[in-house]
1. If only one of ALA124, ALA151 is assigned by TED's automatic domain parsing to the domain that holds LYS334, within 19 Å of the chain's Cα centre (by Cα) and not polar (S, T, N, Q), which one is it?
2. Regarding region 134-142, can at least one residue be identified that is in contact with a His (Cβ under 6 Å, 6 or more places away or on another chain) and surrounded by 16 or more Cβ atoms within 10 Å (Cβ to Cβ)?
3. Hey, among ASP177, ASP211, which residue is acidic (Asp, Glu) and closer than 30 Å to VAL339 by Cβ?
4. Among the residues of region 85-104, are any touching a strand residue (DSSP E or B) at 6+ places or on another chain (Cβ under 6 Å) and among the aliphatic types (A, V, I, L, M)?
5. I'm trying to understand the selection: among the residues of region 183-241, which are surrounded by fewer than 17 Cβ atoms within 10 Å (Cβ to Cβ) and among the hydroxyl-bearing types (Ser, Thr, Tyr)?
6. Would you mind telling me which numbered condition in (1) over 26 Å from the mean Cα position of the chain (by Cα); (2) in contact (Cβ under 8 Å) with a residue 12 or more places away in the chain VAL269 fails?
7. Which one of SER132, SER93, SER87 is out of contact with any Gly (no Cβ under 8 Å at 6 or more places or on another chain), in contact (Cβ under 8 Å) with a residue 60 or more places away in the chain and either within 17 Å of TYR336 (Cα to Cα) or assigned by TED's automatic domain parsing to the domain that holds HIS55 (or both)?
Amino acid sequence: MTEGVQTSPAFTPRVFSGIQPSGGLTLGNYLGALKRFADTQNKGIESIYCMVDLHAITVWQDPAKLAHATRELCAGFIASGIDPEKSILFNQSQVPEHAQLAWIFNCVARMGWMKRMTQWKDKAGKNQENASLGLFAYPALMAADILLYHATHVPVGEDQKQHLELTRDIAIKFNNDFGVEFFPVTEPVIEGAATRVMSLRDGSKKMSKSDPSDMSRINLTDDADAIATKIRKAKTDPEALPSEVDGLEGRPEARNLVNIYAALSDQTVEQVLADVGGKQFSEFKPMLSELAVTKMTPISTEMARLMQHQDEIDAILRRGSERAREIASPILAKTYEIVGMVR
């Protein structure tokens, strides 16, 4: 849908990303998102990170659990290296401009676009008539989240690529409808293979907090003993580790553990295999366990400390929302002016 469209004029480089506060952060969230966010922040790029609680309520949430999960997610961001002074860190519902811009985008986006979203089909399933209107309109709110800050880049996994494509389409249609070049055509920053973390019990499935087996994942709240136990009991195969990447073909559990080691040690898979090729898992797992405990235990410790000081978390979120609104308010005001709304 976006072929042949001229690129928007230069915008200030700005990264936006959001995570739903649905509880239970895992190693997959850390390597696939939080660690990357911290790396981006430390490169000096303006970064905005959001706990998207408005998205969370597109399906019913227990209010007390949602509040806890929002604070825990904030703690996870900070413990993973996100500095709320260097980056903007806030929860979505404290910035009403998100919902306001989302309504305008609801009027720009087309029903056909929304119906083609695979996540809508997957989550609503055969029960679409009973799914919330919010779940259907979810991608328009996601577009508002991003374009409200004129974000130029968004880190996304495979499951969000289609939504970002829709964000680009909404920006292009808005610009074309009103004869402006106001919203940027945001570029995706696709996660690499080494940051896609799979289940410790089944290397063909993504690590997930919804898996009924706690042994399938490493939680960011796990202590050193739990991390070591889960890695020791992780599913493997009887073969030695290869020295070349091709040797991981058809070995999803081996690939997963090597990917985790590579991501935690900031190495490529090729570099890891050059060091560990020929080793049995009985030798490799203790190496991975020691690395994971060293990297992850400080995160769980800091998360626990922060959760004992929820007033500190709330203050960080309030300050973050104030900083976010300093960017968002003038962009929304200009959007209203373009649309023709009298202010």
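1. Details: ALA124 fails: within 19 Å of the chain's Cα centre (by Cα).
Answer to the selection: ALA151.
2. In the first step, residues of region 134-142 are kept if they are in contact with a His (Cβ under 6 Å, 6 or more places away or on another chain); the result is 139, 142.
Then drop every residue that is not surrounded by 16 or more Cβ atoms within 10 Å (Cβ to Cβ), which leaves 139, 142.
The answer is yes; a qualifying residue exists.
3. Values: ASP211 fails: closer than 30 Å to VAL339 by Cβ.
After ruling out the rest, the residue left standing is ASP177.
4. Yes.
5. SER204, SER208, SER210, SER213, THR229
6. Against the list (1) over 26 Å from the mean Cα position of the chain (by Cα); (2) in contact (Cβ under 8 Å) with a residue 12 or more places away in the chain, VAL269 comes up short only on (1).
7. Numbers: SER93 fails: in contact (Cβ under 8 Å) with a residue 60 or more places away in the chain; SER87 fails: in contact (Cβ under 8 Å) with a residue 60 or more places away in the chain.
So the residue among SER132, SER93, SER87 that is out of contact with any Gly (no Cβ under 8 Å at 6 or more places or on another chain), in contact (Cβ under 8 Å) with a residue 60 or more places away in the chain and either within 17 Å of TYR336 (Cα to Cα) or assigned by TED's automatic domain parsing to the domain that holds HIS55 (or both) is SER132.
Results for (1) buried (at least 20 other Cβ atoms within 10 Å of the Cβ); (2) at pLDDT 95 or above; (3) not aromatic (Phe, Trp, Tyr), shown as yes or no for each residue.
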position	(1), (2), (3)
TYR49	yes, yes, no
LEU54	yes, yes, yes
TRP60	no, no, no
ALA64	no, yes, yes
ALA69	yes, yes, yes
PRO96	no, yes, yes
GLN100	no, yes, yes
PHE105	yes, yes, no
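The values are calculated or read from the model by the stated rules, or taken from the named source; none is laboratory data. In this text, all values refer to a predicted model and were calculated from it rather than measured experimentally. Here the Cβ is made from the backbone with ideal geometry for all residues, glycine too, and neighbour counts use every protein chain on show.
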